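The values are calculated or read from the model by the stated rules, or taken from the named source; none is laboratory data. Note that this is a predicted model, so its numbers are computed, not measured. Note: ideal-geometry Cβ built from the backbone for every residue, glycine included; neighbour counts use all protein chains shown. Quick note on the areas: whole protein, heavy atoms, side chains included, nothing else; ligands and nucleic acids left out. Shrake-Rupley method; radii C 1.70, N 1.55, O 1.52, S 1.80 Å.
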Amino acid sequence: MIPESVEQMEAESRRPAPSAAEVVTAYRVEENPHPASVQERAKVLANPGFGVYFSDHMGRATWTAEEGWGDYRVVPYGPTALDPAGAVLHYGQEVFEGLKVYRHEDGSFWTFRPTYNALRMNYSSGRLAIPEFPVEAFLGSITALTRQDAAWVPDKPGSLYLRPFVFASESFLGVRSAQRFEYFLIASPSGAYFPNGFQPINLWVERDYHRAGPGGMGAAKTGGNYAASLLPKLRAAREGYDEVLFLDAATSTTIDELGGMNVFIVYRDGRLRTPRLTGNILPGNTRSSILQLAHDAGVDAAEETLVFDDVVADIRSGAISEMFACGTAAVVTSIGSLSGTDANGQEFRLELKDSTVAKRVYDTLTGIQYGTIADPHNWMYRID
Ligand SMILES: Cc1ncc(COP(=O)(O)O)c(C=O)c1O
């Protein structure tokens with residue numbers, strides 16, 4: 001299905017998913033005749049980094065206007081031919097996802113709320129006029145590829161990062177939705193996001209550039225939004241900042257999110273707040289899970305319009321004790337400082353010293369993901 005709203009996506013994602021055994025059968029496996037050797041793989045897994053190395057196989061499927069989705073396969077990982085007139089190269093009609101496979105202590109393989117990602121991919125596709133990809137086919141692809149490339153799943157604290165994506169492959173330069181699409185799933189072993197432990201990040205608060213605006217694609221996980229974030233990110237990095245905090249495009253007064261993570265604010269009185277999903281912000285799986293965990297724990301947690309000047313005043317007064325960012329890749333990252341220029345052109349830098357809540361949320365989420373603490377909402381999906 002293509003969820004019509006985030007609320008519908010949330011509700012649908014909570015329904016029981018078909019088992020891995022049921023969904024895997026749709027995929028035909030073509031073995032890689034030249035897989036990495038045991039030594040080559042061991043070398044990669046000893047220091048995988050993030051998004052650098054890829055496993056021996058990949059999932060794929062094709063959609064045509066006549067046949068719909070079909071040709072579900074796991075094939076050797078490698079380059080794919082795309083006609084220079086392929087629509088995605090010109091008009092950017094593509095969506096993607098990101099989720100991880102965790103190896104548990106007993107050798108089993110699990111992933112976290114994959115139905116949320118499957119539905120979000122379709123939610124993104126809806127905005128980009130891309131045909132929906134069946135949720136069962138999404139779950140089938142991650143199961144088939146993970147089982148095939150199980151040896152590539154790093155031990156804790158690492159994981160196998162999965163990148164599903166759909167793009168317009170029709171060779172045609174007319175500006176309209178394409179008549180042919182490809183689904184791919186690639187897998188990249190990844191290590192701990194912060195190899196040196198839980199390190200706060202320093203943010204640049206961006207006023208000149210926005211990643212998404214009203215009526216645009218901000219709530220969709222599509223390459224164009226990331227393309228829009230690269231220049232501000234580059235400029236911030238040159239000044240020594242780790243990430244950019246984007247404000248809303250209409251007024252530049254309220255907080256949206258980072259280029260690839262959602263944001264939470266912790267108030268000294270115990271309140272937890274995150275920006276409302278205005279259509280400019282990606283509805284994060286991690287964000288949704290943190291809100292649920294906070295409600296479970298009886299915390300006053302809510303989505304709210306967060307006016308940046310109020311946040312500045314509350315940091316200065318001490319009413320805000322902590323801020324953190326969250327997303328699949330890093331799970332939770334404490335925010336150590338906010339810098340930028342205010343509406344009058346004055347430069348500011350605000351330090352945040354505390355990361356107690358961020359660390360607690362990180363420990364809870366990763367505990368659920370690695371199977372060391374209870375999973376009351378059945379978020380974990382067993383792959384093998
Ligand atoms: C723009 C943006 N916001 C938020 C997130 C966090 O989403 P999730 O928690 O589903 O990974 C991501 C990462 O996927 C992202 O790219």
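Brief remarks follow.
- Against the test of being within 30 Å of residue 117 (Cα to Cα) and polar (S, T, N, Q), the options 289, 339 yield a single qualifying residue, 289.
- Taking region 367-384 as the range and being touching a Phe, Trp or Tyr at 6+ places or on another chain (Cβ under 9 Å) and open to solvent by less than 50 Å² (accessible area, probe 1.4 Å) as the test, the residues that pass are 368, 369, 370, 371, 379, 380, 381, 383.
- Selection of first residues in region 196-225 that are of a type in the set (Asp, Glu) and of second residues that are surrounded by 18 or more Cβ atoms within 10 Å (Cβ to Cβ), restricted to Cβ pairs under 8 Å at least 6 apart or on distinct chains, gives the following pairs, ordered by first then second residue: 206/232; 206/236; 206/244; 206/245; 206/246; 206/247; 206/340; 208/232.
- Here is the figure for region 344-384: residues that are among the charged types (D, E, K, R), modelled with pLDDT of 95 or more and assigned to a strand (DSSP E or B) total 3.
- Residue check, residue 135 touching a residue at least 24 places away in the same chain (Cβ under 8 Å), among the aliphatic types (A, V, I, L, M), away from the ligand (no atom under 14 Å from the Cβ) and open to solvent by less than 10 Å² (accessible area, probe 1.4 Å): no
- Residues in region 91-147 that are of a type in the set (Lys, Arg) and touching a Ser or Thr at 6+ places or on another chain (Cβ under 6 Å): 100 alone.
- Qualifying residue in region 236-249 (condition: of a type in the set (Val, Ile, Thr), in contact with a Leu (Cβ under 6 Å, 6 or more places away or on another chain) and over 23 Å from residue 164 (Cβ atoms)): no
- Scope region 76-117; condition more than 12 Å from the ligand (Cβ to nearest atom), within 30 Å of residue 155 (Cβ to Cβ) and surrounded by 17 or more Cβ atoms within 10 Å (Cβ to Cβ); matching residues: 77, 101, 102, 103, 109, 110, 111, 115
- Extreme residue, surrounded by the most Cβ atoms within 10 Å (Cβ to Cβ), among residues of region 3-49 that are among the charged types (D, E, K, R) and over 30 Å from residue 284 (Cα atoms): 41
- In the set 147, 180, only one residue is under 15 Å from residue 61 (Cβ atoms) and surrounded by fewer than 19 Cβ atoms within 10 Å (Cβ to Cβ); that residue is 180.
- The single condition from (1) modelled with pLDDT under 95; (2) under 21 Å from residue 379 (Cβ atoms) that residue 49 fails is (2).
- Hey, residue 321 more than 30 Å from residue 220 (Cβ to Cβ), of a type in the set (Ser, Thr, Tyr) and surrounded by 15 or more Cβ atoms within 10 Å (Cβ to Cβ) or not: yes
- A count restricted to region 229-252 and to residues that are without any contact (Cβ under 8 Å) to a residue 60 or more places away in the chain, open to solvent by 10 Å² or more (accessible area, probe 1.4 Å), touching a strand residue (DSSP E or B) at 6+ places or on another chain (Cβ under 6 Å) and not basic (Lys, Arg) stands at 2.
- Residue pairs meeting the criteria (Cβ under 8 Å; at least 6 apart or on separate chains; first among the hydroxyl-bearing types (Ser, Thr, Tyr), in region 320-331; second within 8 Å of the ligand (Cβ to nearest atom) and assigned to a strand (DSSP E or B)): 328/99
- Close pairs (8 angstrom Cβ cut-off, 6 or more residues apart or separate chains): within 15 Å of residue 185 (Cβ to Cβ) and of a type in the set (S, T, N, Q) in region 96-124, assigned to a helix (DSSP H, G or I) and within 11 Å of the ligand (Cβ to nearest atom) anywhere: 117/285
- Of the helices (runs of 4 or more DSSP H) lying entirely inside region 218-321, those carrying at least 2 residues that are within 15 Å of the ligand (Cβ to nearest atom) and touching a Cys at 6+ places or on another chain (Cβ under 8 Å) are 285-296.
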